[in-house]
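The values are calculated or read from the model by the stated rules, or taken from the named source; none is laboratory data. Bear in mind the structure is a predicted one, so any value in this text is a computation, not a measurement. FYI the Cβ positions are ideal-geometry reconstructions off the backbone, even for glycines, and counts take in every protein chain you see.
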Amino acid sequence: MSRDTLTITDNRTGKQYEFPIEDGTIRALDLRQIKVNEKDFGLMTYDPAFNNTAACKSRITYIDGDRGVLLYRGYPIDQLAEKSSYLETAYLILNGELPTAPQLQQWTEHITLHTIIHENVKKFMDGFHHDAHPMGMLVSTIGALSTFYPDAKDIFNPSSRLKQTYRLIAKIPTLAAFAYRHSMGMPYAYPDNDLSYAGNFLNMLFKMTEVKYKPNPVLEKALDVLFILHADHEQNCSTSAMRGVGSSHVDPYSAIAAATAALYGPLHGGANEAVIRMLNEIGDVKRIPAFIQRVKAGEEKLMGFGHRVYKNYDPRARIIKGIAEEVFEVMGRNPLLDIAVELERIALDDEYFIKRKLYPNVDFYSGIIYQAMGFPTDMFPVLFAIPRTSGWVAQWVEMLLDSEQKIARPRQIYLGAGLRDYIPVDSRPSAP
Ligand code: COA
């Protein structure tokens with residue numbers, strides 16, 4: 001008779017153990033019962049980089065990496081990209097259900113109300129060097145917000161959490177735009193609350209001397225779709241940082257600063273910047289075969305390809321490739337697209353990439369669009385952090401309210417020196 005259990009025989013002792021299987025997992029702590037003797041600590045699993053370890057139960061985002069499926073709260077990403085807006089999607093991610101019309105209106109009003117930042121935050125940003133990376137500025141200023149909102153420490157108070165949620169989703173585009181204007185040596189442009197979330201962001205970035213900035217509707221829509229695509233992606237590096245740092249019960253600004261820092265890395269949110277650099281280096285479709293040879297020889301990485309979870313085409317990459325043409329109609333064609341499309345065609349036909357299930361990920365085409373929209377490459381990870389804020393906050397709240405969660409504290413396998421006595425410096429043997 002079949003049972004939802006796992007039986008393990010420890011060949012060191014001949015003992016058998018039976019553990020329940022729930023949701024396709026066994027409890028790692030059950031393994032601690034497996035001991036060779038009473039003094040033994042018990043068996044652990046070794047899983048560097050958490051390749052096969054579920055660290056939480058979540059109801060937010062579902063990915064089927066083999067089939068290339070991404071759902072937010074059950075809704076397919078392509079339907080949301082086509083029919084929803086970023087603010088509505090953020091509401092869905094945070095609350096579990098799509099809002100009613102009055103709920104959406106109220107939510108939008110609350111976010112819009114919080115777009116302005118304290119003047120001292122602006123002064124704080126003035127202190128950065130003229131060529132400071134906007135992502136470095138964003139990480140620091142998000143962290144600094146915790147000092148402006150000490151009420152954020154009240155993390156188990158739902159109304160305080162909601163207020164910080166409004167503030168975070170509303171203010172991060174302002175910080176991002178101010179970081180951009182600072183790096184360009186331009187005066188800051190204040191939020192215009194008559195505009196949509198994406199439209200206002202474009203206003204704060206690109207407004208010049210005109211009295212009222214009018215965002216191009218194609219670019220406004222494209223940016224909003226890009227925001228939807230980046231809103232959440234379950235337990236990736238930055239979200240794990242958010243949950244891990246948040247598990248110490250620090251305020252959400254500090255935790256989001258940590259998550260943003262994780263996103264800064266080239267293997268995560270910095271990959272689209274690396275894609276542009278790679279495409280520029282290739283420079284011509286004729287040089288693609290030689291580049292592919294170098295990738296296969298392990299000398300280069302094909303940036304924007306491969307994913308820990310997707311072993312199929314990333315559904316977000318397909319949507320982004322689709323909106324690229326609309327953006328190019330307004331902004332002119334980005335010549336790097338031809339190199340990218342040919343690179344993808346060759347790679348998807350090559351045994352090396354097929355065998356390893358390496359497909360384009362979200363970053364392969366996003367940088368090309370951002371560049372066509374006039375963003376410098378430094379801004380790419382910033383554009384990722386803005387919409388991911390809603391996902392980070394949703395994951396943080398889910399972690400806080402999960403009675404099974406505690407402060408994150410992985411185990412280690414210690415392979416260092418055994419116990420030994422301290423030797424005074426004069427008595428130490430000279431270095432070889
Ligand atoms: N180019 C060339 N080879 C790649 C590759 C890439 N972009 N990504 C993975 N591989 C190869 C690895 O070398 C490895 O080959 P091997 O089995 O011969 O050693 C194999 O594919 C498995 O890769 P692995 O490093 O185990 O996958 P991972 O899950 O640890 O890494 C990424 C996932 C995303 C970090 C990795 O694919 C990568 O660095 N991609 C480029 C950066 C990028 O686009 N990041 C954005 C992610 S959204």
> Is there any pair with a first residue in region 203-223 that is β-branched (Val, Ile, Thr) and a second that is crowded, with 19+ Cβ neighbours inside 10 Å whose Cβ atoms are under 8 Å apart and which are 6 or more apart or on different chains, and what are they?
Replying inline: Val218/Val327
>> So in region 40-53, with the set limited to residues that are surrounded by 12 or more Cβ atoms within 10 Å (Cβ to Cβ) and touching a residue at least 60 places away in the same chain (Cβ under 8 Å), which one is nearest to Lys311 (Cα to Cα)?
In response: Phe50
>> I'd like the residue in region 208-246 that is of a type in the set (Ser, Thr, Tyr) and assigned to a loop (DSSP other than H, G, I, E, B) and, out of all such residues, is nearest to the ligand (Cβ to nearest atom).
In response: Tyr213
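Condition first: of a type in the set (Val, Ile, Thr) and within 20 Å of the chain's Cα centre (by Cα). Now tell me which residues in region 299-328 satisfy that.
Val309, Ile319, Ile320
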> If we scan region 100-112, do we find a residue that is under 30 Å from Ala144 (Cβ atoms) and among the aliphatic types (A, V, I, L, M)?
Replying inline: yes
> Could you list, in sequence order, the residues of region 345-370 that are away from the ligand (no atom under 11 Å from the Cβ) and surrounded by 22 or more Cβ atoms within 10 Å (Cβ to Cβ)?
Replying inline: Tyr365, Ile368, Ile369, Tyr370
>> Can you list residue pairs whose Cβ atoms sit under 6 Å apart, with the first residue in region 109-136 being part of a loop (DSSP other than H, G, I, E, B) and the second being buried (at least 17 other Cβ atoms within 10 Å of the Cβ) and of a type in the set (S, T, N, Q)? Count only pairs 6 or more apart in sequence or on different chains.
In response: Thr115/Thr174; Ile117/Thr174
>> Contact list please: Cβ distance under 6 Å, first residue in region 252-274 and of a type in the set (Phe, Trp, Tyr), second residue more than 8 Å from the ligand (Cβ to nearest atom) and part of a loop (DSSP other than H, G, I, E, B), pairs at least six apart or on different chains.
In response: none
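Being of a type in the set (Lys, Arg) and either under 26 Å from Ile323 (Cα atoms) or assigned to a helix (DSSP H, G or I) (or both) is the requirement here; does Arg59 meet it?
Values: of a type in the set (Lys, Arg): yes; either under 26 Å from Ile323 (Cα atoms) or assigned to a helix (DSSP H, G or I) (or both): no.
No: the conditions fail for Arg59.
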> under 25 Å from Tyr313 (Cβ atoms) and not in a helix (DSSP H, G or I), is that true of Asp66?
Replying inline: yes
> Which is aromatic (Phe, Trp, Tyr) and surrounded by fewer than 23 Cβ atoms within 10 Å (Cβ to Cβ), of Phe227, Phe156?
Replying inline: Phe156
> Taking region 382-398 on its own, how many of its residues are within 22 Å of Val139 (Cα to Cα) and surrounded by fewer than 24 Cβ atoms within 10 Å (Cβ to Cβ)?
Replying inline: 1
>> Condition check: more than 10 Å from the ligand (Cβ to nearest atom) and either surrounded by 20 or more Cβ atoms within 10 Å (Cβ to Cβ) or under 28 Å from Leu80 (Cα atoms) (or both). Does Glu325 satisfy that?
In response: yes
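Of all residues in region 247-302, which are closer than 27 Å to Val139 by Cβ, among the acidic types (Asp, Glu) and more than 11 Å from the ligand (Cβ to nearest atom)?
Hit for region 247-302 is Asp251, nothing else.
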>> What are the pairs with Cβ atoms under 6 angstrom where one residue, in region 341-357, is without any contact (Cβ under 8 Å) to a residue 40 or more places away in the chain and the other, located anywhere, is outside any helix (DSSP H, G or I)? Sequence gap at least six, or different chains.
In response: Glu344/Pro360
>> Six or more apart or on different chains, Cβ atoms under 6 Å: show the pairs whose first residue is in region 1-30 and among the small types (Gly, Ala, Ser) and whose second is surrounded by 10 or more Cβ atoms within 10 Å (Cβ to Cβ).
In response: Ala28/Thr45
> Restricting region 303-321 to residues that are crowded, with 20+ Cβ neighbours inside 10 Å and more than 10 Å from the ligand (Cβ to nearest atom), which is farthest from Glu234 (Cα to Cα)?
Replying inline: Lys321
> Quick one: would you say Tyr17 is in a loop (DSSP other than H, G, I, E, B), farther than 30 Å from Ile323 by Cβ and modelled with pLDDT of 95 or more?
Replying inline: no
